[in-house]
Amino acid sequence: GSYLFLRDMRSGAVWSAGHQPSGVEADSYEVDYAEDHAAFSRRDGSIETGLTIVVSAEHDAEIRRVSLTNLGSRVREIELTSYAEIVLGPQAADVAHPSFENLFVETEFVPDIGALLATRRPRSSDERPIWAAHVVAVEGQARGAIQYETDRARFLGRGRSIRSPVSVIDGRPLSDTVGSVLDPNFSLRCRIRLAPGPTAHAIFSTVVAESRQGAMGLAATYREAAAFEGAADRA
């Protein structure tokens, strides 16, 4: 799965944009599946969260826009953290030998565009190259620098599962680890300051291409907040 966690910086409360993976029961919760999108909306106390997912009609890209509205009377600061496991290979091979398949994935972070990149080292000359990128765009008052993680073990913590990852539940900073990690994942973290009333957005996009240059080009396109509206219209 591909997930989004939210954490209130003051109270330490954690929930996810959808019911999974945190499993926290919302005060209200609705899901709308349409031909062109999937939309999740929930309210937890005075914070209203919306998640809209679309797939680009032009590129190999999936875009997830999180909308946050502060219905209360005081300023809130919310930390958003994305999470997805990286395979970049046939599903059958991943199911049969996941640990072995993970050894061929390499990750890196490109500061200029704030994107995580991942590729699979070819095992033979006839294997087609594949690259993936993960990027976030914030519409609203962002706080601090983007954090990132590509080591799933560091993200989850010893003995933890995706329902209660140590990096989210305990509020630990992401380690900014990249390279040939044993168990790779994509994770980006941003922080948004929410004044009472207005709605802020964060758009997390995941793209796939056949070259590093192609993945970086798509990442640069989808790191712009306006890309979501264009993709949603064409979807």
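Here, each number is a calculation from the coordinates, and none is a lab measurement. As the structure is a prediction and not an experimental result, all values here were calculated from the model. Cβ: placed from backbone, ideal geometry, glycine included. Neighbour counts: every protein chain shown.
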Label of the coordinate-derived value, Rg and Dmax of the Cα atoms in Å, listed as (i) 17.5, 61; (ii) 21.9, 66; (iii) 18.9, 65: (i)
Looking at the square roots a ≥ b ≥ c of the eigenvalues of the Cα gyration tensor of region 88-188, which shape do they give, rounded for a/c under 1.5, prolate if a/b is larger than b/c, or oblate? oblate
Mind listing which trypsin sites (Lys or Arg not before Pro) in region 130-235 are in a DSSP loop and have 11 or fewer other Cβ atoms within 10 Å? Arg158
Once you've got the GNM for the chain with C-alpha springs shorter than 10 Å, pick whichever of Val181, Val31, Val136 has the biggest mean-square fluctuation. Val31
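Which trypsin sites (Lys or Arg not before Pro) in region 7-86 pass both tests, a DSSP loop state and at most 13 other beta-carbon atoms within 10 Å?
Numbers: sites: Arg7, Arg10, Arg42, Arg43, Arg64, Arg65, Arg74, Arg76; in loops: Arg10, Arg74.
Here the trypsin sites (Lys or Arg not before Pro) that fit, given the DSSP loop and packing criteria, are Arg10, Arg74.
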Measure nothing fancy, just the Cα-based angle from helix 212-222's long axis to the longest principal axis of the chain, in degrees from 0 to 90, nearest 10. 10 degrees
If you put +1 on each Lys and Arg Cβ and -1 on each Asp and Glu Cβ, how big is the dipole of the chain around its Cα centre, in Debye rounded to 20? 880 debye
